[in-house]
Amino acid sequence: LTIVPVSDASFEEAMRQADVAMYEAKRRGGDEVVLYSAVSDVNRPATLVLSGELRAAIENDELWVAYQPIVEVASGLCLGLEALARWDHPQRGSIPPDEFIPLAERSGLIRPLGLWVLERALADLGHWRTAGNPAGLSVNVSMRQLGDGSFVDTLLTSLGNRGLPPSALTVEITESALVREASRVIGELATLRAAVVPVSSDASATGSTAPAYPPHLPLTARQIARSPSAHALPRRPPGPP
């Protein structure tokens, strides 16, 4: 079901917006009510401009990575860090991830963006390990990245080039996407598991406590919810976490 909000748009523009919402509903699996959103409208002039600026930011190394601690509640120990992409636009200021990540997904930039985050995060992890800190790292990976046929090899090569064990990195996948496309990437998930790379599903967007995906998927862990008070650490900490 697609819904276009009432506005002063012409009939032709309302129909165009309905098409955008319809394709977004299909992309999500067709089981949701989807409102038209400018973020989903990749052909909107302002969105096209922002997409071009995001492409340039990736190519010119203008993004940065923040790190959110993963803390064991009982002991208070930091078990690892989650790498989070951040974008400070020179004119627009800080652009929220929930704006530029969906834009990257829909404009085809999620693969270069994901690779950029992975390389920066692994470089930092290598520095921390060299300094004697054994903390692990979690990186969000989109289903488009995981299913492109080369991601797993790229990931394992990047780990090997830095002398990092596969177990040092956890690949985190959004559970809603995993439910829709599990059959398409089950081979890649099995390869990661065989290589001892932990794979986690993130259910925090839905808050569900029961897995919605088939139980036979080769997953290592499941993130049920984010703490609303959790804050990411600043960009590129100078020392070990």
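The values are calculated or read from the model by the stated rules, or taken from the named source; none is laboratory data. Computed from a predicted model, the values in this text were never measured in an experiment. Counting neighbours? That spans all protein chains shown, and the Cβs are built from the backbone with ideal geometry, glycine included. Heads up: the accessible areas ignore ligands, DNA and RNA and are worked out on the full protein's heavy atoms, side chains in. Shrake-Rupley method; radii C 1.70, N 1.55, O 1.52, S 1.80 Å.
Scan segment 119-130 and tell me whether some residue there is assigned to a helix (DSSP H, G or I), surrounded by 15 or more Cβ atoms within 10 Å (Cβ to Cβ) and either among the β-branched types (Val, Ile, Thr) or on the phi > 0 side of the Ramachandran plot (or both).
No, every residue in segment 119-130 fails to be assigned to a helix (DSSP H, G or I), surrounded by 15 or more Cβ atoms within 10 Å (Cβ to Cβ) and either among the β-branched types (Val, Ile, Thr) or on the phi > 0 side of the Ramachandran plot (or both).
Every residue in segment 89-102 that is under 12 Å from the mean Cα position of the chain (by Cα), in contact (Cβ under 8 Å) with a residue 24 or more places away in the chain and either surrounded by 18 or more Cβ atoms within 10 Å (Cβ to Cβ) or within 14 Å of Ala57 (Cα to Cα) (or both), please.
Correct list: Phe100 only.
The rows are residues; the columns are (1) open to solvent by less than 30 Å² (accessible area, probe 1.4 Å); (2) at pLDDT 90 or above; (3) under 25 Å from Ala123 (Cα atoms).
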{"residue": "Ala66", "(1), (2), (3)": "yes, yes, yes"}
{"residue": "Ser75", "(1), (2), (3)": "no, no, no"}
{"residue": "Cys78", "(1), (2), (3)": "no, no, yes"}
{"residue": "Trp87", "(1), (2), (3)": "yes, yes, yes"}
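Return the residues of segment 47-64 that are modelled with pLDDT under 80 and open to solvent by 50 Å² or more (accessible area, probe 1.4 Å); say none if nothing qualifies.
Scanning segment 47-64 gives a single hit, Leu48.
Among the numbered conditions (1) closer than 21 Å to Asp124 by Cβ; (2) of a type in the set (Ser, Thr, Tyr); (3) surrounded by fewer than 19 Cβ atoms within 10 Å (Cβ to Cβ), tell me where Ser107 comes up short.
It fails just one condition, (1).
For residues in segment 34-46 being part of a helix (DSSP H, G or I) and open to solvent by 40 Å² or more (accessible area, probe 1.4 Å), which is modelled with the lowest pLDDT?
Val39
In segment 56-82, how many residues are part of a loop (DSSP other than H, G, I, E, B) and either on the phi < 0 side of the Ramachandran plot or touching a Ser or Thr at 6+ places or on another chain (Cβ under 7 Å) (or both)?
Here the count works out to 8.
Given the condition touching an Asp or Glu at 6+ places or on another chain (Cβ under 8 Å) and either within 28 Å of Ala46 (Cβ to Cβ) or in a strand (DSSP E or B) (or both), answer yes or no: does some residue in segment 144-151 qualify?
yes
Among residues belonging to segment 83-117 that are in contact with a strand residue (DSSP E or B) (Cβ under 6 Å, 6 or more places away or on another chain) and either of a type in the set (Val, Ile, Thr) or assigned to a helix (DSSP H, G or I) (or both), point out the one that is farthest from Leu164 (Cα to Cα).
In this case the residue turns out to be Ile95.
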